[in-house]
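Reviewing the structure listed below.
FYI, it's all coordinate maths here, none of it is from the lab. The structure displayed is predicted, hence computed values, not measured ones. Methodologically, a virtual Cβ is constructed for each residue, glycine included, from the backbone with ideal geometry; neighbour enumeration extends over all protein chains shown.
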Amino acid sequence: MTDEAMSAPDEYEFEAFEDAVCGETSKWTRLAGIIQFVVGVVLLFAGVFQVLSDFWKGANSLVTAIVALVVGTTLMSCATALKAIVTTEGNDISNLMTAIDAIKKAFRIQVIVVVVSTAVGVVVYLAGVL
Amino acid sequence: MSGEPSARVYEFGAAENVRIGQAASWTRAAGIVDIVFAVLGLVGGILSMKSSGAQAIGMLVGAAIYLAVGMSLLSAAGSFSAVVETEGNDMPNMLTALSKLKTAFKIQVILVLVAVVLGLLAFFLLFARAR
């Protein structure tokens with residue numbers, strides 16, 4: 001890493017072929033975010049109705065819905081930052097870092113939820129067996 | 001803008017490398033989770049082959065999808081790590097990472113859409129048969 005690069009991190013302007021990669025990634029990231037968001041909305045409605053008849057099933061749906069909504073929103077914000085690389089000038093690196101942070105957040109939420117729900121599942125299973 | 005690969009070299013700074021490194025770690029973790037799901041789906045699919053062929057096929061297809069997405073995410077994580085660990089190729093590595101992420105999301109989106117279409121088709125076929 002050079003001192004020059006450190007002192008002027010925002011002066012790099014993406015060229016056409018780099019913009020194309022960011023634009024394509026933005027498009028598919030947005031679609032993935034929209035799908036997560038739609039799944040979240042559907043599960044939210046399902047959870048609200050389920051919780052009246054079966055509390056734990058409904059609560060499970062509501063938690064899954066909230067996770068899907070947060071991940072979906074995060075992916076869409078990542079897509080917006082990637083799109084901004086293509087459509088604006090002067091802030092490409094800053095927008096790229098915003099997108100990177102959003103990606104990190106989305107995957108972190110997903111991984112933590114999978115690990116926690118697996119741990120809860122194992123505990124519930126063991127409690128049932130013992 | 002020439003449209004040709006740039007000869008310019010950009011090195012990410014220390015603070016940026018920290019953020020990219022964290023993204024690499026969580027992307028790798030998500031990839032590993034997907035691959036674990038793929039292995040579980042593969043085992044489940046093989047075990048349920050004798051009892052239910054349709055269920056086995058579903059699990060094996062699911063395993064293949066998880067494997068493809070997981071491999072893309074691991075590859076993206078590798079490129080993110082390369083941005084942090086190497087010098088002189090930061091931007092090409094970053095673009096490779098973004099391309100791999102695009103592949104992972106593309107697989108997910110296309111297969112969700114295919115699943116929705118097949119689900120609707122199955123629903124209408126069952127509905128027509130019931131009438």
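Restricting attention to the range B:114-131, and to residues there that are aromatic (Phe, Trp, Tyr) and surrounded by 10 or more Cβ atoms within 10 Å (Cβ to Cβ), which single residue is farthest from B:Gly58 (Cα to Cα)?
Of the residues in the range B:114-131, the ones aromatic (Phe, Trp, Tyr) are B:123-124, B:127.
Now restrict to residues that are surrounded by 10 or more Cβ atoms within 10 Å (Cβ to Cβ): B:123-124.
Working: B:Phe123: 17, B:Phe124: 20 Å.
For the range B:114-131, the residue satisfying everything is B:Phe124.
Restricting the range B:9-34 to residues that are more than 7 Å from every other protein chain (Cβ to nearest Cβ), of a type outside the set (A, V, I, L, M, F, W, C) and in contact with a helix residue (DSSP H, G or I) (Cβ under 7 Å, 6 or more places away or on another chain), which is surrounded by the fewest Cβ atoms within 10 Å (Cβ to Cβ)?
Among those residues, the one meeting the criterion is B:Gly21.
Tally time: how many residues in the range A:77-104 are within 25 Å of A:Thr64 (Cβ to Cβ) and within 8 Å of chain B (Cβ to nearest Cβ)? Working first, answer last.
In the first step, residues of the range A:77-104 are kept if they are within 25 Å of A:Thr64 (Cβ to Cβ); the result is A:77-80, A:101-104.
Filter once more, keeping what is within 8 Å of chain B (Cβ to nearest Cβ): A:101, A:103-104.
Within the range A:77-104, residues that are within 25 Å of A:Thr64 (Cβ to Cβ) and within 8 Å of chain B (Cβ to nearest Cβ) number 3.
Among the residues of the range B:79-94, count how many are part of a helix (DSSP H, G or I) and surrounded by fewer than 19 Cβ atoms within 10 Å (Cβ to Cβ).
Pass one, the range B:79-94, residues part of a helix (DSSP H, G or I): B:79-85, B:90-94.
The next check asks that each one be surrounded by fewer than 19 Cβ atoms within 10 Å (Cβ to Cβ); those that pass are B:82, B:85, B:92.
The qualifying residues number 3.
It is to be established whether one or more residues within the range B:79-99 are among the β-branched types (Val, Ile, Thr), without any contact (Cβ under 8 Å) to a residue 24 or more places away in the chain and either under 19 Å from A:Phe14 (Cα atoms) or touching a His at 6+ places or on another chain (Cβ under 8 Å) (or both).
Taking every residue of the range B:79-99 in turn, at least one turns out to be among the β-branched types (Val, Ile, Thr), without any contact (Cβ under 8 Å) to a residue 24 or more places away in the chain and either under 19 Å from A:Phe14 (Cα atoms) or touching a His at 6+ places or on another chain (Cβ under 8 Å) (or both).
Is one or more of the residues making up the range A:74-96 crowded, with 19+ Cβ neighbours inside 10 Å, out of contact with any Gly (no Cβ under 9 Å at 6 or more places or on another chain), assigned to a helix (DSSP H, G or I) and not aliphatic (A, V, I, L, M)?
yes
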